[in-house]
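The values are calculated or read from the model by the stated rules, or taken from the named source; none is laboratory data. Predicted model only: the values in this text are computed from it and were never measured. Cβ placement follows ideal geometry from the backbone for every residue including glycine, while neighbour counts extend to all protein chains displayed. Just the protein is used for accessible areas: all its heavy atoms, side chains included, with ligands, DNA and RNA removed. Shrake-Rupley method; radii C 1.70, N 1.55, O 1.52, S 1.80 Å.
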Amino acid sequence: MINWNEIDTVLLDMDGTLLDLHFDNYFWLTHLPKRYAETYGVDESEAMAKLEAHIKAHEGTLKWYCLEFWSESLGLDIRKLKEEVQHKIQIRPFVVEFLQALKAQNKRLVLITNAHPQSLDLKLEITAIDQWLHMVISSHEFQQPKEAQEFWQALQEREPFDPERTLFVDDTLRVLDSAREFGIRHLLCLHQPDSQREHRQITEYPAIHHFDEVMPR
């Protein structure tokens with residue numbers, strides 16, 4: 001699936017790629033509605049309906065990923081609420097072995113995430129995956145999400161890479177579409193970003209279940 005001799009730089013998403021997306025889905029779809037309902041004295045179905053409408057309105061924008069925006073909008077300390085369920089933050093299978101193998105082959109490893117810096121810091125504290133990475137970049141630094149071409153332009157200025165010799169791995173199709181538009185040649189998706197949800201059938205891009213399927217030899 002991947003000819004590693006053709007790749008110098010590996011750009012990696014975090015949530016749903018290196019880390020199990022179950023934490024994020026559980027937080028936004030279960031824990032936050034529960035705590036919102038408790039705080040404002042409404043039932044959980046009403047809380048869920050309000051949150052779903054709010055979240056849907058900002059999907060794919062930088063606000064959608066911004067903890068400060070949600071804290072202000074909902075009147076809740078989102079970072080603190082995330083810490084209540086931080087035990088659910090988990091590294092996906094074979095990720096550590098994959099990063100170690102790539103580093104041994106002198107590939108440039110860069111984490112690029114739409115996660116807010118507060119969320120990113122919490123996840124790095126728990127997982128320490130940054131010990132195998134050369135650079136960690138949140139799209140909030142550029143004020144543009146990965147869905148925008150401006151993100152990729154800013155990324156290339158910060159972290160020069162040859163799109164022809166770069167692999168980008170992400171679990172979100174609209175982000176992979178944006179990377180393809182920018183000219184990144186090697187693209188890879190994940191069939192099951194959330195370990196507690198069913199396997200997705202991805203046809204738009206090459207896709208794997210776990211990183212052992214593309215481990216460099």
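Would you mind estimating how fast the stretch 113-174 diffuses translationally, via Stokes-Einstein at 4 °C and 1.567 mPa s with the Kirkwood radius over Cα pairs, in µm²/s? List each step's numbers first, then the result.
Values: Rh = 12.9 Å.
Diffusion coefficient, whole number: 101 µm²/s.
Taking only DSSP H segments of four or more residues, each worth -39500 (n - 2.57), what value at 222 nm results for the chain once the sum is divided by all its residues, to the nearest 500 deg cm²/dmol?
Working: 9 runs with 84 residues, N = 217.
After summing the helix terms and dividing by the residues of the chain, the value is -11000 deg cm²/dmol.
Enter the accessible area per residue of the stretch 75-197 (Å², integer; probe 1.4 Å; all protein chains in place). Intermediate values should be presented prior to the final figure.
Values: 5290 Å² over 123 residues.
Ligands and nucleic acids excluded, the figure is 43 Å² per residue.
How large are Rg and Dmax for the stretch 1-121 when only the alpha carbon atoms are used, in Å?
When restricted to the Cα atoms of the stretch 1-121, Rg and Dmax are 17.5, 58 Å.
How far apart, in nm, are two points set 7 Å out from the Cα along the Cα-to-Cβ line at E150 and at E204?
2.2 nm
Which whole-percent values make up P(r) of the stretch 66-149 when all C-alpha to C-alpha distances are grouped in 5 Å steps starting at zero?
All Cα pairs considered, the percentages come to 3, 13, 20, 20, 19, 15, 6, 3, 1, 0.
Between H191 and residues 5 or more places away or on another chain, which pairs have amide H atoms under 5 Å apart, with H built 1.01 Å from N, and which residues are they?
The answer is I208, H209.
For the stretch 21-123, what does the relative contact order come out to in percent, with C-alpha contacts under 8 Å and a separation of six or more?
Numbers: 51 pairs, mean separation 29.9, N = 103.
So the answer I get is 29 percent.
I need the peptides 45-51, 116-122 ranked by packing, meaning the mean over residues of other C-beta atoms within 10 angstrom, with the highest value on top.
116-122, 45-51
Any idea what diffusion coefficient the stretch 23-80 gets from Stokes-Einstein, in µm²/s, Kirkwood Rh on alpha carbon pairs, 4 °C, 1.567 mPa s? Walk me through the numbers on the way to the answer.
Working: Rh = 11.5 Å.
For these conditions, the coefficient is 113 µm²/s.
So what's the Cα pair-distance distribution over the stretch 162-217, bin width 10 Å, in %?
Result, from short to long distances: 23, 51, 24, 2 percent.
Using a 1.4 angstrom probe on heavy atoms only, work out the carbon and sulfur share of the accessible area of the stretch 1-104 in %.
Working: 2510 of 4980 Å².
The C+S portion of the solvent-accessible surface of the stretch 1-104 is 50 percent.
Rounded, prolate or oblate: which fits the stretch 109-217 when a ≥ b ≥ c are the square roots of the eigenvalues of the alpha-carbon gyration tensor, with rounded for a/c under 1.5 and prolate only if a/b beats b/c?
Details: a/c = 1.43, a/b = 1.12, b/c = 1.28.
Rounded shape, in that the Cα axes give a/c under 1.5.
List, in the order given, every pair from K63/K88; K88/K123; K80/K123; K34/K80; K56/K123 whose Cα-Cα distance in the structure shown is over 20 Å. Please list the in-between numbers first.
Values: K63/K88 24 Å; K88/K123 10 Å; K80/K123 13 Å; K34/K80 14 Å; K56/K123 24 Å.
Violating the 20 Å Cα-Cα cut-off are K63/K88; K56/K123.
For the chain, what relative contact order do you get, as a whole percent, if you take Cα pairs closer than 8 Å and at least 6 residues apart?
With pairs under 8 Å counted, the relative contact order is 29 percent.
Hey, any idea what the orientation-averaged projected area of the convex hull of the chain's Cα atoms comes to, in nm²?
Quarter of the Cα hull surface area: 11.5 nm².
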